[in-house]
Amino acid sequence: MGIVAASLAMLVGGCTSRPWFDPVPRGHAHNDYLHARPLLDALRAGFASVEVDVFLRDGELLVGHDEWMLRRDRTLRRLYLDRLRERVQQNGGSVHGDGLPFLLLVDIKRDGESVLRALDEVLPEYAPMLTRFLGDQIEPGAVTIVLSGDRPRAAVAARPTRYVAIDGRIQDLDDGTNVALVPLVSEAWSRHFEWDAVDEMPQPERAALCALVMRARKQGCMLRFWGAPDRPLAWAALRELGVTWINTDRLRDYAAWSAEQPDRR
């Protein structure tokens with residue numbers, strides 16, 4: 001048995017209980033707000049994770065990658081929170097009606113602590129659908145909110161009860177960080193791998209990726225890479241090796257590819 005096959009067998013065999021998140025790799029809609037219909041296009045394509053950039057302006061959390069993109073009607077509440085709540089209510093308690101969790105990755109462009117205070121005001125309205133974090137405990141909900149970008153880590157950690165967690169880095173796996181604070185670990189693909197998905201993934205890189213997956217699973221963390229090759233050969237490798245969220249900007253292409261896989265989730 002090769003090193004990757006052996007590692008995968010250990011990964012599957014070593015998991016004696018189901019993690020708090022869905023372990024089947026699924027698509028993550030990177031920069032979702034840039035699509036023609038934010039969130040709605042991702043939901044239609046079956047995505048269970050979306051990423052949205054936000055700025056705080058005049059007390060409102062506005063959606064956009066740069067300030068010039070901001071508009072008063074494009075708020076986190078209107079484009080994402082309200083729509084997710086409506087879906088959860090319509091679908092019996094989950095976004096897609098399948099009982100599986102949904103990830104909302106909020107990328108804070110700046111002023112992380114101010115954005116956190118704004119979220120403290122907004123999120124209690126949506127509490128029935130949200131995952132709740134209490135100290136070192138996780139109470140899973142239909143929607144899990146994780147903060148990326150300008151992450152106010154210390155301020156989040158200081159709150160004993162909250163509706164948000166932090167997007168971590170590989171270092172958090174080495175430090176044994178509490179999964180209730182850092183349930184997701186994201187990394188730049190280029191920091192660890194050179195493979196561009198033009199040819200098959202080299203065995204040493206496959207083994208390295210499998211090792212990272214095993215470390216994340218052992219700690220109970222979800223795993224995602226940004227900047228990975230956005231094409232089917234890469235999607236297949238990430239799925240095979242168990243990366244939780246597969247980053248893509250190509251919603252329709254990914255959805256069509258995913259529908260052909262043995263487990264369509």
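Some values worked out for this structure:
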| read-out | value |
| --- | --- |
| Subset of the stretch 153-167 [closer than 16 Å to L104 by Cα and either in contact (Cβ under 8 Å) with a residue 60 or more places away in the chain or open to solvent by 10 Å² or more (accessible area, probe 1.4 Å) (or both)] | R162, Y163, D167 |
| Selection status of L56, surrounded by fewer than 22 Cβ atoms within 10 Å (Cβ to Cβ), modelled with pLDDT of 95 or more, part of a strand (DSSP E or B) and among the aliphatic types (A, V, I, L, M) | yes |
| Test: residue in the stretch 76-98 that is open to solvent by less than 40 Å² (accessible area, probe 1.4 Å), part of a strand (DSSP E or B) and touching a strand residue (DSSP E or B) at 6+ places or on another chain (Cβ under 7 Å) | no |
| Residue check for E260: over 30 Å from G135 (Cβ atoms) and at pLDDT 95 or above | no |
| Evaluation of D199 against (1) open to solvent by 50 Å² or more (accessible area, probe 1.4 Å); (2) modelled with pLDDT under 95; (3) in a loop (DSSP other than H, G, I, E, B); (4) farther than 29 Å from L123 by Cβ (one fails), failing number | (2) |
| Residue check, L116 more than 21 Å from W245 (Cβ to Cβ), touching a helix residue (DSSP H, G or I) at 6+ places or on another chain (Cβ under 6 Å) and at pLDDT 95 or above | yes |
| Count of residues meeting criterion [in a loop (DSSP other than H, G, I, E, B), at negative phi and open to solvent by 10 Å² or more (accessible area, probe 1.4 Å)] in the stretch 39-53 | 1 |
| Residue pairs meeting the criteria (Cβ under 9 Å; at least 6 apart or on separate chains; first more than 15 Å from D263 (Cα to Cα) and in contact (Cβ under 8 Å) with a residue 12 or more places away in the chain, in the stretch 239-250; second in a loop (DSSP other than H, G, I, E, B) and polar (S, T, N, Q)) | D249/N31 |
| Verdict on L103 being in contact with a His (Cβ under 9 Å, 6 or more places away or on another chain) and closer than 24 Å to S186 by Cα | yes |
| Residue list for the stretch 168-187, filter: open to solvent by 10 Å² or more (accessible area, probe 1.4 Å) and hydrophobic (A, V, I, L, M, F, W, C) | I170, L173, V179, L181 |
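The values are calculated or read from the model by the stated rules, or taken from the named source; none is laboratory data. Note that the structure is predicted; figures quoted are calculated from it, not measured. Backbone-built Cβ (ideal geometry, glycine too); neighbour counts: all protein chains shown. Heavy atoms of the whole protein, side chains included, go into the accessibility calculation; ligands, DNA and RNA do not. Shrake-Rupley method; radii C 1.70, N 1.55, O 1.52, S 1.80 Å.
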